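Have a look at the structure below, then the notes.
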Amino acid sequence: MRLFVSHGNGFASDGYFAFWRRFLPEYEIAVFDMRNHGHNPRGDTAAHDYAHMVGDIDAVLSGVAEEFGAKPSAGLFHSMSAQSGLLAALNYGWRLDALIAFDPPNVPPDGPARAAMLGYLDRLTAWAQRRRETFADPAELAAEYAATRSGRSWAEETRLVMARAVLRQEPDGCRLCCRAALEASMYEQGAPLDLWPRRADFAGPVKLIGADPDRDHPTPTALSNRALADAGGFDYAAIAGTSHLLQLEAPEACAEVALAFLNTLGL
């Protein structure tokens with residue numbers, strides 16, 4: 001059994017190690033970064049969009065099967081990669097045996113969660129546009145993570161592992177692999193993405209695992225995912241106490257819910 005794992009906007013898959021290491025004893029793991037993130041070389045900035053990332057997901061699924069042989073497979077994708085995985089399944093056909101989408105930041109077509117999501121994406125866009133890009137070393141970025149509401153709950157080693165994963169050594173210091181303008185562009189593209197599917201649109205099993213919509217001051221994605229599950233009839237779970245970065249905040253709980261879903265499918 002093979003699991004494909006990828007990350008959210010501005011991050012990198014190595015930084016999710018505390019989450020995906022829990023699958024290593026039982027599964028083959030294909031961990032990959034989205035374009036212009038992590039281990040990937042910088043590519044054409046004009047192609048830094050959902051259309052190309054959706055095609056990338058399909059290409060990775062096909063390429064791994066060609067290189068290493070076909071196996072029963074599931075995708076475990078977070079945020080931007082979750083949206084790309086959902087769109088790949090809709091646009092290119094069903095290539096997996098299961099798809100688990102962690103808190104995709106989909107914008108509802110109406111209702112109170114729509115306004116919350118639009119405001120959230122606007123705030124993230126503005127933040128990313130002014131984001132610091134260069135650091136003396138990864139420890140500086142790890143300290144910035146520790147100062148955020150979400151980052152305070154990450155394990156200390158996760159903060160440093162993520163910082164190393166998203167930075168590249170250059171002559172003037174460590175620079176973000178995904179430049180601030182590219183990160184901001186993906187938040188901007190999220191608003192008009194028009195991704196609000198129904199479970200029946202997919203040819204195989206899909207699970208939504210979202211942030212906690214019942215905690216104090218829930219992240220808007222938590223409300224959006226609960227609304228999507230209700231409207232679309234998806235199998236859904238929320239991870240108590242978490243925000244949008246749930247796999248970094250509660251990696252064991254996220255892995256347990258994903259494993260339980262896979263086990264119910266015999267995967």
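The values are calculated or read from the model by the stated rules, or taken from the named source; none is laboratory data. What you see is a predicted model, and the numbers here were worked out from it, not measured in a lab. Every residue, glycine as well, gets a Cβ built from its backbone with ideal geometry; the counts of neighbours run over all protein chains shown.
Taking the conditions exactly as written (of a type in the set (D, E, K, R), buried (at least 21 other Cβ atoms within 10 Å of the Cβ) and either under 27 Å from LEU267 (Cα atoms) or in contact (Cβ under 8 Å) with a residue 12 or more places away in the chain (or both)), does GLU188 satisfy them or not? It is false that GLU188 is of a type in the set (D, E, K, R), buried (at least 21 other Cβ atoms within 10 Å of the Cβ) and either under 27 Å from LEU267 (Cα atoms) or in contact (Cβ under 8 Å) with a residue 12 or more places away in the chain (or both).
Does the stretch 253-263 contain any residue that is surrounded by fewer than 18 Cβ atoms within 10 Å (Cβ to Cβ) and polar (S, T, N, Q)? Yes, that holds for at least one residue.
Taking the stretch 15-29 as the search range and keeping residues that are among the hydrophobic types (A, V, I, L, M, F, W, C) and without any contact (Cβ under 8 Å) to a residue 40 or more places away in the chain, which one is farthest from ALA82 (Cα to Cα)? Please lay out each step first, then the result.
Let us first name the residues in the stretch 15-29 that are among the hydrophobic types (A, V, I, L, M, F, W, C), namely 17-20, 23-24, 29.
Retained after the next criterion (residues that are without any contact (Cβ under 8 Å) to a residue 40 or more places away in the chain): 24, 29.
On the way: LEU24: 21, ILE29: 17 Å.
Only one residue fits best here, namely LEU24.
For the stretch 231-248, the set of residues classified as assigned to a helix (DSSP H, G or I) and crowded, with 23+ Cβ neighbours inside 10 Å consists of LEU246, GLN247, LEU248, listed by residue number.
For the stretch 26-48, check the following and say yes or no: at least one residue is hydrophobic (A, V, I, L, M, F, W, C), farther than 19 Å from LEU167 by Cβ and buried (at least 22 other Cβ atoms within 10 Å of the Cβ). Within the stretch 26-48 (the criterion being hydrophobic (A, V, I, L, M, F, W, C), farther than 19 Å from LEU167 by Cβ and buried (at least 22 other Cβ atoms within 10 Å of the Cβ)), the answer is no, since none of the residues qualifies. Taken over the stretch 195-230, the criterion of being surrounded by fewer than 16 Cβ atoms within 10 Å (Cβ to Cβ), in contact (Cβ under 8 Å) with a residue 12 or more places away in the chain, charged (D, E, K, R) and assigned to a loop (DSSP other than H, G, I, E, B) is satisfied by ARG198, ASP214, ARG215. The set of residues from the stretch 69-88 being surrounded by 24 or more Cβ atoms within 10 Å (Cβ to Cβ), hydrophobic (A, V, I, L, M, F, W, C) and over 16 Å from TYR236 (Cα atoms) comprises ALA74, MET80, ALA88.
Of all residues in the stretch 119-160, exactly one satisfies the criterion of being over 21 Å from the mean Cα position of the chain (by Cα), part of a helix (DSSP H, G or I), surrounded by 15 or more Cβ atoms within 10 Å (Cβ to Cβ) and not acidic (Asp, Glu), namely PRO138. Under the condition of being within 25 Å of ASN263 (Cβ to Cβ), touching a Pro at 6+ places or on another chain (Cβ under 8 Å) and polar (S, T, N, Q), the residues counted in the stretch 196-247 number 1.
Looking across the stretch 31-56, the residues that are assigned to a helix (DSSP H, G or I) and touching a residue at least 40 places away in the same chain (Cβ under 8 Å) come down to THR45, TYR50. When the criteria are applied in full, LEU182 fails the requirement of being buried (at least 17 other Cβ atoms within 10 Å of the Cβ), at pLDDT 95 or above and over 30 Å from PRO109 (Cβ atoms).
Here are some residues: PHE102, PHE68. Which one is closer than 22 Å to LEU262 by Cβ, in contact with a Gly (Cβ under 9 Å, 6 or more places away or on another chain), of a type in the set (Phe, Trp, Tyr) and at pLDDT 95 or above?
Numbers: PHE68 fails: in contact with a Gly (Cβ under 9 Å, 6 or more places away or on another chain).
The match here is PHE102.
The residue that is surrounded by the most Cβ atoms within 10 Å (Cβ to Cβ), among those in the stretch 89-118 that are closer than 26 Å to PRO205 by Cβ and free of Cβ contacts under 8 Å to residues at least 60 places away in the same chain, is ARG95.
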